[in-house]
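Engineer: Supplied in structure tokens, the structure appears directly below.
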Number of protein chains: 2
Amino acid sequence: MATGRTHRPATRSRGIPEATVARLPLYLRALTALSERSVPTVSSEELAAAAGVNSAKLRKDFSYLGSYGTRGVGYDVEYLVYQISRELGLTQDWPVVIVGIGNLGAALAGYGGFASRGFRVAALIDADPAMTGKPVAGIPVQHSDDLEKIIHDDGVSIGVIATPAGVAQQVCDRLVAAGVTSILNFAPTVLSVPDGVDVRKVDLSIELQILAFHEQRKAGEEAGGENAPETGAETPAAAVPPAPRSTGGGRKGPDGDVPAVMPA
Amino acid sequence: MATGRTHRPATRSRGIPEATVARLPLYLRALTALSERSVPTVSSEELAAAAGVNSAKLRKDFSYLGSYGTRGVGYDVEYLVYQISRELGLTQDWPVVIVGIGNLGAALAGYGGFASRGFRVAALIDADPAMTGKPVAGIPVQHSDDLEKIIHDDGVSIGVIATPAGVAQQVCDRLVAAGVTSILNFAPTVLSVPDGVDVRKVDLSIELQILAFHEQRKAGEEAGGENAPETGAETPAAAVPPAPRSTGGGRKGPDGDVPAVMPA
DNA sequence: ATTTGTGAACACGTTCACAGCG
DNA sequence: CGCTGTGAACGTGTTCACAAAT
């Protein structure tokens, strides 16, 4: 889900589908757990259950990687761990910089999942001079003046942005100019990046809003039979409901509780 | 992307497509920014640019909500803000509990985007007695013994899990048993929930791994002509590459650097 | 003259169901 | 017989391109 100008218009590559790539880490995690318990093989059914997908999807996914797996038996856990790790590029170590060491940046710096496999926090960067030198999660914070130098010296190609939204684009631009080609954005903004740079975003409020949508729908369905677009408004007249300039009487959405306040 | 047992097998509802729902918060954010700058109307082209999508997609998305917008003119900003807010259920206030007040939980508690629109942190809950009563982001942490009571008293239907992976499922089970029907999971585990409960997950290491995949691909393409599955291994012989039990010579993935170590 | 709203075409993703192999 | 691997069917999401509206 690369945001910004990153659109590959129907890449002709016979590569792995994006949806599959997004599930490989899930499989890898499940497999790693099995590996730690010294389980030698798994069936697609078992592994799928552990990863929270259905077995047909899993088999299809694996078929893009090649014919690992043995009919009548299942998949060799260790072998699959290796193959998926390799496919994901986790056999090499990726140095990562985190920019913006506020609450969230600090939490990310201390997150165990980082160091676990393939990733290494190369540097923590913040614009606040008061932070410079202060160790966070055991790593001293560096000042953003040195951003370019750090990126270069450590050969960083992945950057994590945990700054306020207002400065995220500038930080992004500097990261990209310095050679970063993959960005994980926690700031609630759309980032614009040149072609060839991947951006993925993690956005708390978007996730909550999607949940709220479904939550609301549940509340509506709970009583209604077919479809109940009625906003079971707990709050009476929440906000001033504006209206567009319109004359005719064409259908305007599912009406229901569209207020009759229609200024000419 | 609800994980767990939450699969709606081809919902017949004439509702809004999931992909569209996932973009509504994006539009809403862009529109809110315009609203604050007192911009009265936007064209699909402008708004799409601001939201980081293309205009055809945006118009199609809006068409599912109804025929807001005026041909030849564009969309009324205020009206659209209201309509999307209503559709997302943000005209009512959603109390949210955050369980697990470690670094991440604390960061989430302090996150501005929470309170911004529609959401309110009803309680912070942690299992550590030493945390109980301690204010985090201005809210006193409560002990997890009281989880059920808190959920009930505040009518909470959305829960955020920011605990270690090991306890995430138990926390989830308790939340669900207490009446929570939407969960945002930051713990790196697959959660199992009964039907009717929505789970969305935010997983740092999965996002990084997806970026690493593309990053690796870029490194390969940069020199190779067609396809270069060569792992540009910085690290020599990263790990012992296992192999499956196999006799024949059928194609086994894209070979390339599949090691010739094949134990019988 | 613009810009929306939308059928139709296309691309992508998922599921089915079974052939093929061990 | 069991389980993988995969073509084919199906469903969802995206893009195109243009008629309709103001």
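Engineer: Would you be able to say whether some residue in region A:108-115 is more than 16 Å from DNA strand C (Cβ to nearest atom), more than 8 Å from chain B (Cβ to nearest Cβ) and not aliphatic (A, V, I, L, M)?
Structural biologist: Yes, region A:108-115 contains a residue that is more than 16 Å from DNA strand C (Cβ to nearest atom), more than 8 Å from chain B (Cβ to nearest Cβ) and not aliphatic (A, V, I, L, M).
Engineer: Which residue, of B:SER55, B:SER44, is within 14 Å of DNA strand D (Cβ to nearest atom), in contact with a Lys or Arg (Cβ under 6 Å, 6 or more places away or on another chain) and not assigned by TED's automatic domain parsing to the domain that holds B:ARG120?
Structural biologist: Of the residues listed, the single one that is within 14 Å of DNA strand D (Cβ to nearest atom), in contact with a Lys or Arg (Cβ under 6 Å, 6 or more places away or on another chain) and not assigned by TED's automatic domain parsing to the domain that holds B:ARG120 is B:SER44.
Engineer: Sticking with this one: Give region A:116-150 a look and list any residue that's within 8 Å of chain B (Cβ to nearest Cβ) and touching a Ser or Thr at 6+ places or on another chain (Cβ under 6 Å), or say none.
Structural biologist: Of everything in region A:116-150, nothing turns out to be within 8 Å of chain B (Cβ to nearest Cβ) and touching a Ser or Thr at 6+ places or on another chain (Cβ under 6 Å).
Engineer: Only one of (1) more than 26 Å from B:TYR27 (Cβ to Cβ); (2) in contact with a Pro (Cβ under 7 Å, 6 or more places away or on another chain); (3) free of Cβ contacts under 8 Å to residues at least 60 places away in the same chain fails for A:ALA165. Which number is that?
Structural biologist: (1)
Engineer: Also: Output the residue which, of all residues in region B:16-28 that are more than 7 Å from chain A (Cβ to nearest Cβ) and near DNA strand D (Cβ under 10 Å from one of its atoms), is most open to solvent (accessible area, probe 1.4 Å).
Structural biologist: B:GLU18
Engineer: Spot the failing condition for B:ASP146; the list is (1) out of contact with any helix residue (DSSP H, G or I) (no Cβ under 7 Å at 6 or more places or on another chain); (2) under 23 Å from A:LEU108 (Cα atoms); (3) part of a helix (DSSP H, G or I), and only one is missed.
Structural biologist: B:ASP146 satisfies all of (1) out of contact with any helix residue (DSSP H, G or I) (no Cβ under 7 Å at 6 or more places or on another chain); (2) under 23 Å from A:LEU108 (Cα atoms); (3) part of a helix (DSSP H, G or I) except (2).
Engineer: Might you check whether a residue that is of a type in the set (Val, Ile, Thr) and within 11 Å of DNA strand D (Cβ to nearest atom) occurs anywhere in region A:61-74?
Structural biologist: Within region A:61-74, one or more residues are of a type in the set (Val, Ile, Thr) and within 11 Å of DNA strand D (Cβ to nearest atom).
Engineer: Considering every residue within region A:36-49, establish whether at least one is at the interface with another protein chain (Cβ under 7 Å from one of its Cβ atoms) and buried (at least 17 other Cβ atoms within 10 Å of the Cβ).
Structural biologist: No, region A:36-49 has no match at all.
Engineer: Within region B:177-186, identify whether any single residue is surrounded by fewer than 16 Cβ atoms within 10 Å (Cβ to Cβ) and part of a helix (DSSP H, G or I), and answer yes or no.
Structural biologist: Checked region B:177-186: at least one residue is surrounded by fewer than 16 Cβ atoms within 10 Å (Cβ to Cβ) and part of a helix (DSSP H, G or I).
Engineer: Select, from A:GLY110, A:GLY105, the only residue that is within 23 Å of B:LYS201 (Cα to Cα), crowded, with 23+ Cβ neighbours inside 10 Å, more than 16 Å from DNA strand D (Cβ to nearest atom) and assigned by TED's automatic domain parsing to the domain that holds A:ALA168.
Structural biologist: Among A:GLY110, A:GLY105, only A:GLY105 is within 23 Å of B:LYS201 (Cα to Cα), crowded, with 23+ Cβ neighbours inside 10 Å, more than 16 Å from DNA strand D (Cβ to nearest atom) and assigned by TED's automatic domain parsing to the domain that holds A:ALA168.
Engineer: I've got another one for you. Condition (residue is modelled with pLDDT of 95 or more and among the acidic types (Asp, Glu)) applied to region A:169-186: is it met by at least one residue?
Structural biologist: yes
The values are calculated or read from the model by the stated rules, or taken from the named source; none is laboratory data. If you're wondering where the values come from, they're calculated on a predicted model, not measured in any experiment. In this analysis, Cβ positions are derived from the backbone assuming ideal geometry, glycine residues included, and neighbour counts consider all displayed protein chains. Heads up: the accessible areas ignore ligands, DNA and RNA and are worked out on the full protein's heavy atoms, side chains in. Shrake-Rupley method; radii C 1.70, N 1.55, O 1.52, S 1.80 Å.
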